[in-house]
Every structure is written in C-alpha cells, then in structure tokens.
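The values are calculated or read from the model by the stated rules, or taken from the named source; none is laboratory data. For clarity, every value in this text was computed on a predicted model and none was experimentally measured. Quick reminder, even Gly has a Cβ in these numbers, built from the backbone with ideal geometry, and neighbours come from all protein chains shown. For accessibility, only protein heavy atoms count, side chains too; no ligands or nucleic acids. Shrake-Rupley method; radii C 1.70, N 1.55, O 1.52, S 1.80 Å.
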Amino acid sequence: MRLTPAYSGSVSADVRSFTLEELQARFEAWGEPVYRVPQLLDWLYVRRATDWDAMTNLPGALRARLRDEFSLRPFDLVRRQGSRDTTQKFLWRLQDHSLVETVLIPANPALCGDDSDRHTLCVSTQVGCAYGCKFCASGLDGWKRNLSPDEIVEQVLAVERWSRSERSASRVDEGTSDDTGLATRRLPPAPPQRLVDNLVVMGMGEPLANYDHVLKALKILNAPWGGGLGARKITLSTSGLAPQIRRLADEPLQFRLAISLHGATDETRGRIMPVNRKYPLAELSAACGYYQAKKGRMITLEYILIAGVNDGLDQIKPLAALARRLHAKVNLIPYNPVEGLPWKRPEEKAQENFLAALEKQRVTATLRHEKGGDIDAACGQLRLKTERELGGAARHG
Ligand code: SAH
Ligand code: SF4
C-alpha cells in the first residue's frame, strides 16, 4: 500500500507527521507487528535519529519499507546567532529552500508564567505571515506557505540534536585536555536528554491560520510517545482569529493561550493590526471569554509597547477592563525595533508608568525586561535579513 503524500507535494510525507495510532494502522496493513512502532518512535523522538540505517533493532526489510513509504528529512542549519548560554536563534533551510526561524531561550519565567523553566523554545508555523501587522518582520514579505506538522516537530528535534552535539563537543574538549587524545575515545556517548521544557508557538506565522498542521504537531510534541511536553507547557499565541480560538477551546488538550492584543481600543489596535478589521475587539473578547470559560485557564494578553502608538494612558482603562473580564494577565513587552520600520520602544520611564497605571487598576501585569525581550526580535527578522542578503534567492523553491 502506497502512502498518499499528505503534506508535501510529490515527495512522500515525513514520518514525523504521523501519530502513534496512524503508524500502528500502517504497520498492521503491512502485516508488521505493532510492537515495532514504539521502537520506531524511540528512534525518532528519544534518539532523534535522522537516518533509517541507524535504527538497528528494526529488521532490514522493515527499514527498507519505511524508507520507501516515508521520508525522514532533517533541517539544514543555515545560520545561528547567540552563544551557548544565552538566547540562540536558529535559521533553517527546508526542502524547498524556504527559511524558518526557531529560538531557544535559556530561562524565561515571564513568558510562561512559572519560574521553574529552564529552556523555552519558540517555533514558527508558517513561512512568512499573511496578517501584515505593521510592526512585525514576519509579515513584511507576505505569506509563502504553511509548515507541515513534521516541519514544526523537527524544529524541536533539530535544536535538541544541536544541543546534544554541543554537549558532546564540550565533553570531548574536556577529555582531550590530558594531551593524549585517548580520553576522548573512552567517553560514552551523551545520553539522550530532553532539552526543551516549554514550547511557545510565537515564531514566524499565525498558528491558528495553519490550524490542522499546528494541532497535529502539538499533539505529537505533547504525546508521551513523542515529544513528551505537557500541554500546560505549550503556549499558543495568536493575533486574534476569533473562530479558531473557539475551535481551540473545544479541543481536549489544555494549551495555554496568549493573545497579541497590542491595542485596547479598535482604533488603536486597528491602526497596527489589520486583523482587527475582520475580528474587532468585541468579537475577539467574546471568543476569549468562551475559551476561558471552557478551559478555566488564565489567558495572557500580550501588549507590545510602541512609542507614541499604543503607549498612551488612554489605553489603560479599556485594557484593564478587558483583562479583568477575561481573568487575564497582561504581558507588557517593549517593542524590538525592526530594520526598515519606523517604530520605536518607549523610554523605560514610560514603560514603567504604563505598568504602574495598569497595576493601579488591579490587573496582574508584567513588564518584560531586556533579557527575554530578545525573543521577539527573532520573529522573522533573521530570515528577512538573510533573504535580503541572498538577494531573494532563498525565496524560490
Ligand atoms: N502570529 C502570532 C504568533 C507569532 S508573533 C501572533 O501574532 O500572536 C509572536 C509575538 O511577537 C506576537 O505577540 C507579536 O505581536 C510579537 N512581535 C512581533 N514583532 C515584534 C517586535 N518587533 N517586537 C516585539 N514583539 C513583536
Ligand atoms: Fe503575523 Fe503575528 Fe507578525 Fe502579525 S504579529 S504579522 S500575525 S506573525
């Protein structure tokens, strides 16, 4: 039986686009024992193998069949920014030469609401973005395509592979310090560890505009047989697609939800976020209310502070009213300037004033300081810069 390529044109679909149940059905149809499926999943999600031949406990005939029916494509790392212990930005080249970004943040309690996190990973869901928010680098060159489930999953696996190779490189460095080189060979391979504790779907693209692929990827990343990330450790951020927020509320999985608000009146929000014309604040807040009531979970309202655009104190009352109605907390994020765009972050004093005014209205709010703020600079910026440097060559695929 030939697998219909579900996500990628004429190329067979990547095996990491399939759930345990789907793989079991496939194995049964082939007459293969289903106990082989967990073995395969162990290679994919624990050992993060990128080569069928590495899967030595699977019989050769099964490996040949898997190779024939599925693809298994690791990303190419084009560029990386950051040092080992700070925020890392990764730029990947996909099969069709599209570029996407993933960001690894060592610790970012403000973003995820707890202080126990060690590594947060920010993943992209689309190549470009169709929503064209005026301040955002991701939408500047428009939308190119949706990422497939495996392309979302692979962002996590590829970063974990990178981290593992970094760790073993540093172990080798330590091992060779005795000058003989022999110590290096005696070191056992680094045990496969999970690196990512929190996942934020806040990279390039609008996740709820690629709903099915994103949900499938998150299901795989959440599953104990897959990425093993608790749903409560996964935050989805949306620019406010009201119908999809309702749909998400009806899903069984308990993801955290963050809304990119950035303006508390239709006038202010509409000026910087064209999506507000389609789903004005009344509709958005009704959908958020539905989500909150269904899930009983606190929503986060993200609010970038942009000087002279949305940092006026006239926003405080409507913002506080919305936050109170939704039992939401507010994350204030100083704007990260984007090359070629005129927007600036307000002075620190103005940021603090905005925060204090909100708190006075009895709203739970945080102001993200420099360190974590770095993450948003990555939303499409590294890709944009690289594409421009390559003179647009990377855009064709
Ligand atoms: N499309 C989704 C998720 C990706 S954007 C959304 O809009 O929510 C993730 C977050 O980064 C959003 O809150 C977005 O508004 C914010 N963002 C985009 N560009 C930014 C910048 N230059 N500085 C600070 N935050 C930015
Ligand atoms: Fe797209 Fe989100 Fe950027 Fe708006 S903020 S252009 S929705 S990625």
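Counting residues in segment 348-366 that are under 22 Å from Met273 (Cα atoms) and open to solvent by 40 Å² or more (accessible area, probe 1.4 Å) gives zero.
Give the residue, chosen from Arg26, Arg16, Arg93, Arg80, that is touching a strand residue (DSSP E or B) at 6+ places or on another chain (Cβ under 7 Å), modelled with pLDDT of 95 or more and not small (Gly, Ala, Ser).
Matching residue, one of Arg26, Arg16, Arg93, Arg80: Arg93.
Restricting segment 324-347 to residues that are of a type in the set (A, V, I, L, M) and not in a helix (DSSP H, G or I), the residue that is surrounded by the fewest Cβ atoms within 10 Å (Cβ to Cβ) is Leu341. For Glu267, the conditions (1) closer than 21 Å to Pro346 by Cβ; (2) open to solvent by 10 Å² or more (accessible area, probe 1.4 Å); (3) within 16 Å of ligand 2 (Cβ to nearest atom); (4) of a type outside the set (S, T, N, Q) are fulfilled apart from (3). Being more than 27 Å from the chain's Cα centre (by Cα), crowded, with 16+ Cβ neighbours inside 10 Å and of a type outside the set (D, E, K, R) is a condition met by no residue of segment 70-89.
Within segment 271-289, the set of residues being away from ligand 2 (no atom under 14 Å from the Cβ), open to solvent by less than 70 Å² (accessible area, probe 1.4 Å) and either over 22 Å from Arg247 (Cβ atoms) or not in a loop (DSSP other than H, G, I, E, B) (or both) comprises Leu281, Ser285, Ala286, Ala287, Cys288, Gly289.
Name the one entry in Gln244, Gln292 that is within 13 Å of ligand 1 (Cβ to nearest atom), open to solvent by 10 Å² or more (accessible area, probe 1.4 Å) and assigned to a helix (DSSP H, G or I).
Going through Gln244, Gln292 in turn, the sole match is Gln244.
Being open to solvent by less than 10 Å² (accessible area, probe 1.4 Å), over 30 Å from Val15 (Cβ atoms), within 16 Å of ligand 1 (Cβ to nearest atom) and hydroxyl-bearing (Ser, Thr, Tyr): is that true of Thr238 here? When the stated conditions are applied, Thr238 does not pass them. Out of the residues in segment 299-331 that are touching a strand residue (DSSP E or B) at 6+ places or on another chain (Cβ under 6 Å) and away from ligand 2 (no atom under 16 Å from the Cβ), state the one that is nearest to Phe255 (Cα to Cα). Top of the filtered list is Ile299.
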